[in-house]
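Peer 1: My questions all concern the structure below.
The values are calculated or read from the model by the stated rules, or taken from the named source; none is laboratory data. Bear in mind the structure is a predicted one, so any value in this text is a computation, not a measurement. Glycine gets a Cβ as well: all are built from the backbone with ideal geometry, and neighbour counts include every protein chain shown. Note: areas computed on protein heavy atoms with side chains; ligands, DNA, RNA excluded. Shrake-Rupley method; radii C 1.70, N 1.55, O 1.52, S 1.80 Å.
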Amino acid sequence: MKIAVFPGSFDPITTGHVKIVKRALPLFDKIVVAIGINSQKQYLFDLEQRMRWLERVFADEPKISIDSFEGLTAHFCNKIGARYLIRGLRNASDFDYEKTISQLNHIVGKELETVFLISEPEYSHISSTIVREIIKGKGDASPFLPMEVVLK
Ligand code: ADP
């Protein structure tokens, strides 16, 4: 059974994340979309809210499950028997960062393989960071959000 983890902060989940997961689905038997909890990091949305959105967005897809973890992503993968990590690449700075992390994860995660999907051009400008900026500036972020993510 090929199990992959798609880790992230998902603060909040965007249409860019959803597209990566959908494209990765045919490659794996199961995908665990997992929120990594970093106690040093300040999030705009709390864990429960981010989890609830993930649950709703992927509710109709039996191959996808939602989880969260503390500590190293590689240890979480080993614990649940996932041998693959999924990451999306938008640009060269994503690549530079992800390259190092994936090399480390390959060692720490006992042969854990990271599978990279290059963002489609129409999604490569979308990030949770810009979505948070739009929300803080009281703009309309809905073009970048799945319909299940409703902001009050
Ligand atoms: P992190 O805090 O780990 O960067 P994010 O939630 O920001 O978590 O992103 C999780 C993953 O989704 C990362 O691999 C990131 O590169 C990818 N990603 C985010 N937005 C997009 C997008 N628009 N297109 C493709 N991949 C994306």
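Peer 1: I'd like the full set of residues that are of a type in the set (S, T, N, Q) and either closer than 18 Å to residue 17 by Cα or open to solvent by 90 Å² or more (accessible area, probe 1.4 Å) (or both), limited to the range 89-105.
Peer 2: 91, 93, 103, listed by residue number.
Results for (1) among the small types (Gly, Ala, Ser); (2) out of contact with any helix residue (DSSP H, G or I) (no Cβ under 7 Å at 6 or more places or on another chain), shown as yes or no for each residue.
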position: 2; (1), (2): no, yes
position: 16; (1), (2): yes, no
position: 26; (1), (2): no, yes
position: 36; (1), (2): yes, no
position: 39; (1), (2): yes, yes
position: 44; (1), (2): no, no
position: 63; (1), (2): no, no
position: 69; (1), (2): no, no
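Peer 1: Pairs under 6 Å by beta carbon, first residue under 13 Å from residue 19 (Cβ atoms) and open to solvent by less than 50 Å² (accessible area, probe 1.4 Å) in the range 106-134, partner aliphatic (A, V, I, L, M) and not in a strand (DSSP E or B), six or more apart or different chains?
Peer 2: 117/20
Peer 1: From the list 86, 66, exactly one residue is in a strand (DSSP E or B), within 14 Å of the ligand (Cβ to nearest atom), open to solvent by less than 40 Å² (accessible area, probe 1.4 Å) and more than 19 Å from residue 105 (Cβ to Cβ). Which is it?
Peer 2: From the options 86, 66, the qualifying one is 66.
Peer 1: Is there a residue in the range 108-116 that is more than 12 Å from the ligand (Cβ to nearest atom), assigned to a loop (DSSP other than H, G, I, E, B) and touching a strand residue (DSSP E or B) at 6+ places or on another chain (Cβ under 7 Å)?
Peer 2: Yes, that holds for at least one residue.
Peer 1: Would you please name the residue that is farthest from the ligand (Cβ to nearest atom), looking only at residues in the range 1-30 that are under 11 Å from the mean Cα position of the chain (by Cα) and within 13 Å of residue 77 (Cβ to Cβ)?
Peer 2: Restricting to residues being under 11 Å from the mean Cα position of the chain (by Cα) and within 13 Å of residue 77 (Cβ to Cβ), the top hit is 5.
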